[in-house]
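What follows is a short report on a single structure.
The values are calculated or read from the model by the stated rules, or taken from the named source; none is laboratory data. These figures come from a predicted structure and were not determined experimentally. Cβ sites come from the backbone with ideal geometry, for glycine too, and all protein chains shown count toward neighbours. These area figures cover heavy atoms from the full protein model, side chains too; ligands, DNA and RNA do not enter into them. Shrake-Rupley method; radii C 1.70, N 1.55, O 1.52, S 1.80 Å.
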Amino acid sequence: MPQAIKRQAIQESPVNPRHHVSAFDQVNSHLNKAFMSLDIPEVYRSVMQNCYRELKVQIILQRESGAIEEYFGYRIQHNGVRGPYKGGIRYHPSVDLDEVRALASLMTWKTAIVNIPFGGAKGGLACDPKKLTNRELQALSRAYARKIDMAIGPHRDIPAPDVNTNAKIMAWIMDEYGRKHGLSPACVTGKPIELGGSKGREQATGRGLFHIAHRVFDDHKLSIKGAKVVVQGFGNVGSWVANFLHDAGAKVIAVADAEGGVFNPAGLDIPKLRLYAVDKPSVAGFSGGEALDTREIFTLPCDMVVPAALGGVITPDIAKRIQAKIVLEGANNPVTPEADVILNERGIIVIPDILANAGGVVVSYFEWTQNLTQFYWDEDEVYQKLEKTLNSAYAAVAKIMREHKVNMRQAAFILGVKRVYDATLLRGV
């Protein structure tokens, strides 16, 4: 008899259980404020809120044990009036249609804010990669690439790494796409350097976070040197921003991930912690500090807190208890709209994700450009261009903050919406 198929994903629901309202509705609530500030006509509001294309694909995987399992994957293309769709692919058990819609929308505004010629997209697979062997993970990734093949490409939609994906997985996707379309390095970004990846791409999001945070500290006459920082999440984004902050003289006093945390009021030795975390599933157990309950990470007294894991983690209850001057959004959509209001009322500066963590997509753009021209840049050139791009974006957001008398998130959305709206009108859509 055939084996029963074990399902690895739950059908999407209209409301993500991590939030009181759907993640997509949360993003749209920020958009609505920008629409009102710019007096955007109603018909264009709908066009800019909704997604252009939504793919949901089924994947059947035979495990090495012989078990047959069912997975679901998604690729959402939100808006492409400013260029090819662009956005990462995440592997996580919580991935659903609503979450991917929200993340795709955020990418539209993020690419517009930093003024690179891309639209917004996002992808995801509802799976736990930690429970898969390397062979199983490769088979699942290649099957996913085949299922979305018709919707991606160097001039159509360019995926990249996100939560629980990396350069190795991008190499598999590039190779699978190339089997049908021929060698196409520009079909994905975040690849290994040996396969056309860009120097500086791995640390780009963390470097960008540090750079934008530095600008905000300077504007508010604060010093990063000696500042106390806590970081939630210690993957690619969290570990790199912690590293740059540590090198600049900040005291990263606490780090936490899904399994546990570590605290040292004198500051953690981040280089040692990064080495420790390479071979461990968690920062928990690091000897350079005390064990920390992950639930305490956002309530520690500090100068800046960095949510750098998943979305929706700073709820209204957490927002009331945060003891930081600044929230630097390393993750996508980590602060709920209700929590955002509370933080604003308390005078806590929130550096929004669509500006703060844009360093990754900026260097992805550089990688794509290098792939298309087959001319590659050294690391210093990448960093100089990244800094110039982020400086320009920050200056534009700060100008809108002054002119409209709004906070940084509202200003960033106004900037992004204005650029997408202008492109929409110019194309005659």
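List the pairs whose first member sits in the stretch 166-189 and is of a type in the set (S, T, N, Q), whose second member is surrounded by fewer than 17 Cβ atoms within 10 Å (Cβ to Cβ), and whose Cβ atoms are under 6 Å apart, counting only residues at least 6 apart or on separate chains?
Ser184/Gly178
Give just the number: which of (1) of a type in the set (S, T, N, Q); (2) under 25 Å from Ala395 (Cα atoms); (3) touching a Ser or Thr at 6+ places or on another chain (Cβ under 9 Å) does Ser141 not satisfy?
If we test Ser141 against (1) of a type in the set (S, T, N, Q); (2) under 25 Å from Ala395 (Cα atoms); (3) touching a Ser or Thr at 6+ places or on another chain (Cβ under 9 Å), just (2) comes out false.
Which residues, counting only those in the stretch 233-262, are assigned to a loop (DSSP other than H, G, I, E, B) and over 24 Å from Ser223 (Cβ atoms)?
Our first condition is that a residue be assigned to a loop (DSSP other than H, G, I, E, B); within the stretch 233-262, this holds for 233-235, 248-250, 257-260.
Residues satisfying the conditions are Gly233, Phe234, Gly235, Asp257, Ala258, Glu259, Gly260.
Starting from residues that are within 27 Å of Val216 (Cα to Cα) and of a type in the set (A, V, I, L, M, F, W, C), keep the ones in the stretch 263-285 and report whichever is surrounded by the fewest Cβ atoms within 10 Å (Cβ to Cβ).
Initial filter on the stretch 263-285 (within 27 Å of Val216 (Cα to Cα)): 263-271, 273-274.
Within this subset, residues satisfying the condition of being of a type in the set (A, V, I, L, M, F, W, C) are 263, 266, 268, 270, 273.
On the way: Phe263: 18, Ala266: 9, Leu268: 24, Ile270: 24, Leu273: 23.
Here the residue is Ala266.
Tell me, yes or no, whether the stretch 211-227 has at least one residue that is in a helix (DSSP H, G or I), among the charged types (D, E, K, R), touching a Phe, Trp or Tyr at 6+ places or on another chain (Cβ under 8 Å) and closer than 18 Å to Val252 by Cβ.
Start the filter on the stretch 211-227 by keeping residues that are in a helix (DSSP H, G or I), which leaves 211-219.
Those still in the list that are among the charged types (D, E, K, R) too: 215, 218-219.
Adding the requirement that they be touching a Phe, Trp or Tyr at 6+ places or on another chain (Cβ under 8 Å) leaves 215.
Checking the rest, the ones that are also closer than 18 Å to Val252 by Cβ come to none.
Checked the stretch 211-227: no residue is in a helix (DSSP H, G or I), among the charged types (D, E, K, R), touching a Phe, Trp or Tyr at 6+ places or on another chain (Cβ under 8 Å) and closer than 18 Å to Val252 by Cβ.
Kindly check whether there is at least one residue in the stretch 189-202 that is buried (at least 24 other Cβ atoms within 10 Å of the Cβ) and either of a type in the set (Val, Ile, Thr) or part of a helix (DSSP H, G or I) (or both).
yes
For Arg409, indicate whether it is within 29 Å of Asp303 (Cβ to Cβ), among the basic types (Lys, Arg) and open to solvent by less than 60 Å² (accessible area, probe 1.4 Å). Walk me through it before giving the result.
Working: within 29 Å of Asp303 (Cβ to Cβ): yes; among the basic types (Lys, Arg): yes; open to solvent by less than 60 Å² (accessible area, probe 1.4 Å): yes.
Yes; evaluated as a whole, the condition is true for this residue.
Please state which of the following conditions Ile5 fails to meet, knowing it meets all the rest: (1) at pLDDT below 95; (2) buried (at least 20 other Cβ atoms within 10 Å of the Cβ); (3) aliphatic (A, V, I, L, M).
(2) is the only condition that Ile5 fails.
What are the residues in the stretch 227-236 that are touching a strand residue (DSSP E or B) at 6+ places or on another chain (Cβ under 9 Å) and open to solvent by 10 Å² or more (accessible area, probe 1.4 Å), if any?
Lys228, Gln232, Phe234, Asn236
Condition check ((1) over 14 Å from Gly206 (Cβ atoms); (2) open to solvent by 10 Å² or more (accessible area, probe 1.4 Å)) across all residues:
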residue: Val241; (1), (2): no, no
residue: Gly249; (1), (2): yes, yes
residue: Ala256; (1), (2): yes, no
residue: Ala308; (1), (2): no, yes
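Before we move on, is Ala23 of a type in the set (Gly, Ala, Ser) and either open to solvent by 10 Å² or more (accessible area, probe 1.4 Å) or more than 24 Å from Ile354 (Cβ to Cβ) (or both)? Give the steps one after another, and end with the answer.
Details: of a type in the set (Gly, Ala, Ser): yes; either open to solvent by 10 Å² or more (accessible area, probe 1.4 Å) or more than 24 Å from Ile354 (Cβ to Cβ) (or both): no.
No, not satisfied.
Just checking, does the stretch 320-327 include any residue being at pLDDT below 95, open to solvent by 30 Å² or more (accessible area, probe 1.4 Å) and out of contact with any Asp or Glu (no Cβ under 8 Å at 6 or more places or on another chain)? Steps first, answer last, please.
Narrowing the stretch 320-327 to residues at pLDDT below 95: none.
Looking through the stretch 320-327, none of the residues is at pLDDT below 95, open to solvent by 30 Å² or more (accessible area, probe 1.4 Å) and out of contact with any Asp or Glu (no Cβ under 8 Å at 6 or more places or on another chain).
Looking at the stretch 263-278 only, could you name the residues that are part of a helix (DSSP H, G or I) and of a type in the set (Phe, Trp, Tyr)?
Correct list: Tyr276 only.
Would you please list the contacts, defined by Cβ atoms under 7 Å and residues six or more apart or on different chains, that run from a residue in the stretch 43-57 that is among the basic types (Lys, Arg) to a residue that is assigned to a strand (DSSP E or B)?
From the stretch 43-57, the pairs are Arg53/Gln77; Lys56/Phe72; Lys56/Tyr74.
Take Val283 and tell me if it is in contact (Cβ under 8 Å) with a residue 12 or more places away in the chain, assigned to a loop (DSSP other than H, G, I, E, B) and closer than 26 Å to Lys130 by Cβ.
Values: in contact (Cβ under 8 Å) with a residue 12 or more places away in the chain: yes; assigned to a loop (DSSP other than H, G, I, E, B): yes; closer than 26 Å to Lys130 by Cβ: yes.
For Val283, the condition - in contact (Cβ under 8 Å) with a residue 12 or more places away in the chain, assigned to a loop (DSSP other than H, G, I, E, B) and closer than 26 Å to Lys130 by Cβ - is met.
Looking at the stretch 348-356, can you tell me whether even one residue there is surrounded by fewer than 17 Cβ atoms within 10 Å (Cβ to Cβ), under 29 Å from His155 (Cβ atoms) and at pLDDT 95 or above?
No, because not a single residue in the stretch 348-356 is surrounded by fewer than 17 Cβ atoms within 10 Å (Cβ to Cβ), under 29 Å from His155 (Cβ atoms) and at pLDDT 95 or above.
If you go through the stretch 37-71 one residue at a time, how many are open to solvent by less than 60 Å² (accessible area, probe 1.4 Å), out of contact with any Phe, Trp or Tyr (no Cβ under 9 Å at 6 or more places or on another chain) and assigned to a strand (DSSP E or B)?
Residues in the stretch 37-71 being open to solvent by less than 60 Å² (accessible area, probe 1.4 Å), out of contact with any Phe, Trp or Tyr (no Cβ under 9 Å at 6 or more places or on another chain) and assigned to a strand (DSSP E or B): 3 in total.
Given the conditions (1) surrounded by fewer than 23 Cβ atoms within 10 Å (Cβ to Cβ); (2) closer than 26 Å to Gly416 by Cα, report the number of the one that Thr373 does not fulfil.
(2)
Which residues, counting only those in the stretch 383-406, are farther than 25 Å from Phe366 by Cα and open to solvent by less than 70 Å² (accessible area, probe 1.4 Å)?
Going residue by residue through the stretch 383-406, those that are farther than 25 Å from Phe366 by Cα are 399-406.
Scanning the stretch 383-406 gives Ile400, Met401, Val406.
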